[in-house]
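Okay, structure first, notes after.
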Amino acid sequence: MTERIPYTRSSRDGPFRTVLDPAVPRPRPSAENLLRIQRIPWNDDLLVVAAAGEIDLATAGRLERALRAPLPAATVLDLSKVGFLGVAGLRVIESVAARARAERRATGVVADTRPVLRLLHLFGADTKIPVYRHLDHAILEVPNR
């Protein structure tokens, strides 16, 4: 049986420096670094909640906490800077929309990235929640629903 020689490459530190195994997972960034959420009171009756980053199982709780607080008559969830939306994030969005319907409030989602739009469409969320491509359209239409 032959002994396995680790992959080496030449560098300024010498010809036999071992390169880290690419199969070893790197630590995942914290939820704060993966998803940024900002609550923007647009006026007395409209709140814009802007999210940027990834909404998945690790970060969906942050989005839920941002939307759990008392909400005004209309809420727009801006996902235009979200690069990934997982099912956990979709569940948060759907529960917020259901709560808004029960409380007779208006809600809307702004999305223009393919991963977000695709998940909203695949699960039929776009039939229950109005989805807009641009924030200015949502701001004009959601409070009037």
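Read-outs: derived from the displayed coordinates by stated rules, not from any lab. Note that the structure is a prediction, hence the values are computed from the model and not measured.
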Percentage relative contact order, region 34-144, counting C-alpha pairs under 8 Å, at least six apart: 25 percent
Would you calculate the volume per residue, in Å³, of the smallest convex hull containing every Cα atom of region 38-145? 84 Å³
Treating every alpha carbon of region 86-145 as one equal point scatterer without solvent, the Debye formula yields log10 I(q)/I(0) values at q = 0.14, 0.16, 0.29 Å⁻¹ of -0.37, -0.48, -1.31
